[in-house]
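Input: a single structure, listed below in C-alpha cells.
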Amino acid sequence: MSVRNLVEIAVIPPMLAGVYYVIKAQNFEQNIYKFLLIGGMFFGIAFAMRFQSGFVPIGIGCVMLFRRQFKSLLILSLSAIFVASLFLGLFEYILWDRPF
C-alpha cells in the first residue's frame, strides 16, 4: 500500500462512526439528539480530512429531509459544519495567521 492511499484509509473510521451514531439515533427513542450531535461531529472530522467524504452526510441528510425529520437534520448538519469549520479554521489560523 502506498502513501497515496493513506487519506482514503484514514477517513473511514470517523465516517463509519458518524454513520453508526446516526443509525443508533434512528433506532432509539431516548437521547437521539445526543447521538446525532456525536454523529455530526464525526462527519465534520471526516469532511475536514477529505472533502469528498461530504457526500455521505449529504445523502443521509436527503433521507432525513424526505422523512421530514427537520430538527434531526438541523442538529446533524450544524454539528458537522461547526466541527469541520473548527478544524479547518484552526489549522489555517495556526499556519497563515487568519482563518479561511
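Tabulated data for the structure shown
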| item | result |
| --- | --- |
| Only Lys, Arg (+1) and Asp, Glu (-1) charged, at Cβ; the chain dipole about Cα centre in debye | 280 |
| Per-peptide average of other Cβ atoms within 10 Å, ordering 44-50, 66-72 highest first | 44-50, 66-72 |
| Listed residues 56, 91, 30: farthest to the positive end of the dipole of the chain (Cβ charges) | 30 |
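FYI, it's all coordinate maths here, none of it is from the lab. The structure presented is a predicted model; accordingly, all values stated were derived computationally and were not measured. Every residue, glycine among them, receives a Cβ derived from its backbone with ideal geometry; neighbour counts consider all protein chains shown.
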